[in-house]
Amino acid sequence: MYGNAKVVLTDYVWDSLAVEEEALKGLADIVALQTKTAEEFLPEAGDCDAILNTYAGPITAEAMAQMPKCKIIARYGIGVDTIDLDAATEAGIIVTNNPTYCIQEVAEHAMALLLACARRVAFFDRQVRGGEWNVMAGKPMFRLNGSTLGLVGFGNIAREVAIRAAAFGINVLFSDPFVEEGQFEAPGKKVEPEALYAASHFLSVHPPLIPQTRGMINDEVFGQMKPTAYIINCSRGPIIDTDALVRALDAGEIGGCGLDTTEPEPLPDPHPLRGRDNVIINPHAAWYSLEAMEGLQHGAPNEVRRVLSGEWPTNVVNRKVKENNRAGL
């Protein structure tokens, strides 16, 4: 046990730090900040034993070099694309995430965007608010039952989307190099990416953001999709090449999109994606519910508590760090 450790909370979106204070009581003093970049939190983090991190970053090798005592960077969320994992491993810093706190919420949100796109819900709402009442303005619309949903990636969230889609009578296809058909108890037939793009009436993207997936939904992919297809993104904005998406919408290569995540975030105003009748944009809200917020807030501080108590944490992302970590675990 280290005792009297210093934990820097880089940023947070909740009203109370009671959860953090209870989790680290007797172990550490918490320095709570509201920063956006590493440059802003490093003056306080230079002598820290641990980092609690929500959005602030990126946390690069250069930033880690300025935190020589830091034993763990604990992310509140799922994605760790803002943290240089190789640099953390080399420096002996454990990186953890919170992989299960919002699975249900994101799956529900992906289905909500799919339904809103299919049934033109947002378009009709704007139309009525503007004083119009015209069902035919929303055509063409197609029946969901018997349509095909393609899932790019078949992880925890995508499989929950598959279950929900199947309940609507939607055929589910997926493409994932790390998952075999029948590996999990979830609807879905595995196909090659090209077949997925060509067959899907709705394409929902769910891979993690890594160098290999950045911009993977590009001009070539849009060119293979149905002209009536909708693309849904509740994963990470950079997985879709934004410029290619704009080109596809302008050319009528796809029917539209429902985006909870964009590149960049927040989406500037004006922006070519804004103001389109066939585009729905949400402010990265899919993760949120009161229940998810509770799960989110508990995860990271409890990982820090484990490390400062001499225990190996639960959700380590850079597992190779076990061989040589600063915490000596």
Distance between segment 109-130 and segment 67-82 - C-alpha centres, whole angstrom
37
Return the whole-Å distance between the Cα centroid of segment 155-171 and the Cα centroid of segment 252-283.
24
Kirkwood-based shape ratio for segment 181-329, expressed as Rg/Rh from alpha carbons:
1.08
For segment 1-141, what percent of Cα pairs sit more than 25 Å apart?
45
Along each of the three principal axes of the Cα atoms of the chain, give the extent in whole Å, ordering the values from largest to smallest.
67, 46, 33
Per residue, what volume in Å³ does the convex hull of the Cα atoms of segment 103-281 enclose?
114
What is the sum of charges around ALA286, taking Lys and Arg as +1, Asp and Glu as -1, for the other residues whose C-beta is under 9 Å from the C-beta of ALA286?
-3
Tally Lys and Arg at +1 and Asp and Glu at -1 over the other residues with C-beta under 9 Å from the C-beta of ASP81: what net charge comes out?
+2
Segment 226-303 pair-distance distribution - Cα-Cα, 5 Å bins, rounded %:
3, 14, 23, 21, 13, 9, 7, 6, 3, 1
Simple label model, 7 Å out from Cα along Cβ direction - THR100 to ALA61, nm:
3.5
Sort largest first and round to whole Å: the equivalent ellipsoid semi-axes of segment 263-302, each the square root of five times a Cα gyration tensor eigenvalue.
31, 12, 6
Segment 94-189: chymotrypsin sites (Phe, Trp or Tyr not before Pro) falling in loop per DSSP and having at most 10 other Cβ within 10 Å:
TRP133, PHE178
Pairwise Lys count, the chain - Cα closer than 24 Å, eight or more residues apart or different chains
16
If we count GluC sites (Glu not before Pro) as exposed when they sit in a DSSP loop and have at most 10 other beta carbons within 10 Å, what is the longest stretch of the chain that avoids them all?
186-329
With a point put 7 Å past each Cα toward its Cβ, work out how far GLU323 is from ASN278 in nm, to one decimal.
5.1
How large is the translational diffusion coefficient of segment 146-245 in µm² per second when you combine the Kirkwood radius over alpha carbon pairs with Stokes-Einstein at 37 °C and 0.692 mPa s?
246
Please compute the modelled spin-label separation between ASP81 and ALA285, points set 7 Å along Cα→Cβ, answer in nm with one decimal.
2.1
Isotropically averaged projected area of segment 30-98, using the convex hull of Cα atoms (one quarter of hull area), nm²
3.9
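Readers should treat all values here as calculations from the given coordinates under stated rules, not as data from a laboratory. Given the structure is predicted, the values throughout are model-derived calculations rather than measurements. When we count neighbours, we look across all protein chains shown, and the Cβ atoms used for this are built from the backbone with ideal geometry, even at glycine.
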